[in-house]
Amino acid sequence: MVDIVTRAEWGARSPKSGYTSLSSTKGVKVHYTGGHVDPKILDDHKKCVALVKSIQNMHMDGNGWIDIGYSVVACPHRKVFIGRGPKHLPAANGAGLNTGHYAILALVGNSGLTVPSDNQLLAIWDAITYLRDKGNAGKEIKGHRDGYSTECPGDKLYAWLKKGAPRPGGGDTPTPAPPKPHTPADPAALVVDGILGRKTISRWQQIVGTTVDGDISTPSTLVRKVQQILNAHGAKLKVDGLGIRQDDRHYETVEALQRYLDSPVDGRMSKPVSLVVKALQKRLNTGRF
């Protein structure tokens, strides 16, 4: 029996907008906080609640996300907090990586409480079981660093994952989820070809809420909107509607876009194929920018 802490029970803020839906995933990716976790949470579940609320505030107010980035949070009292929940796209796995796996946060960090307790590991397994049951999660169990340049979920938790995530106490590991039926590819999805064409531009315009015409004019309302979004995430760009062109020239806006999408940074949108455009197309295929 999974011990669920509902959003109402932990006092979650309402999301800023609707979630992007997921029908299934390949599995889960496990995360840690990446910061200091007070060891006193082991003796006081209220401190777990406060920590989860602070993470939601950071994601919504600092990152500009619509909600906490994780699907669920596993705490050392063997409880599972509902974040975005099953069947909803997470945000914590990295650009272009959220459709493949749900995101599970374990309440350990890189200082203070760094070693997951047995109950913490059991809570992670409870979270996996829950997401398989309610969200059609597949059998993959990975760490955030798998496919993404990060220290997350920390060496200790990652070592446990690499051993196959054995259940503490020697109990049976839940059986893998049954194979999912084949579903056809979304015909509206962008082809990830690295070319900034009219279809990619139109989807970008649609998602950020500007006029949809498939063109980047000079200056461009799309580029202005993108510059505003990038500035909200730490860039310091002049909002002039200029500086996104696939012409191999260096632009500060392209450099900021590369950082935002975790793409190699050189400030250039290369021709004929661009890595940052591929990252953009993957992000837009999730229904968000």
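Quick notes on this one:
- Taking a ≥ b ≥ c as the square roots of the eigenvalues of the Cα gyration tensor, an a/c ratio below 1.5 marks the range 198-284 as rounded.
- Measuring from each cysteine beta-carbon in the chain, the ones with no other cysteine beta-carbon under 4.7 angstrom are C152.
- The range 220-274-the range 135-159 distance, computed between alpha-carbon centres (Å): 29
- Kirkwood Rh in Å, taken over the range 4-170 so that all alpha-carbon pairs contribute: 15.5
- Between the helical axis of 275-284 and the longest alpha-carbon principal axis of the chain there is an angle of about 70 degrees.
- Under 14 Å from K236, Cα to Cα: aspartates and glutamates that are on another chain or at least 8 residues apart: E252, E255
- Listed residues L122, S14, A165: farthest to the positive end of the dipole of the chain (Cβ charges): S14
- Cα→Cβ-extended label distance, 7 Å offset, between V192 and D38, nm: 4.1
- In this structure, the pairs whose alpha-carbon distance is over 25 Å, taken from K29/K79; K16/K134; K29/K225; K29/K238; K139/K162; K53/K282, are K29/K225; K29/K238; K53/K282.
- Fewest-first sequence of C75, C48 by Cβ atoms within 10 Å of each Cβ: C48, C75
- Contact order for the range 4-170, expressed relative to its length and based on alpha carbon pairs under 8 Å spaced 6+ residues apart, stands at 31 percent.
- Relative contact order of the range 198-284, defined on C-alpha pairs under 8 angstrom at six or more residues apart (%): 20
- Degrees between helix 198-208 axis and first principal axis of the chain (Cα, 0 to 90, nearest 10): 60
- Structure-derived Kirkwood radius over Cα pairs in Å: which label, when the choices are [x] 20.1; [y] 27.3; [z] 20.7: [x]
- Normalised contact order of the chain, rounded percent, pairs of Cα under 8 Å and 6 or more residues apart: 18
All of the numbers you see were taken from the coordinates with simple rules; none came from a lab. Bear in mind that the values here come from a model prediction, so they are computed numbers and not experimental data. With ideal geometry, Cβ positions are generated from the backbone for all residues, glycine too; neighbour counts draw on all protein chains shown.
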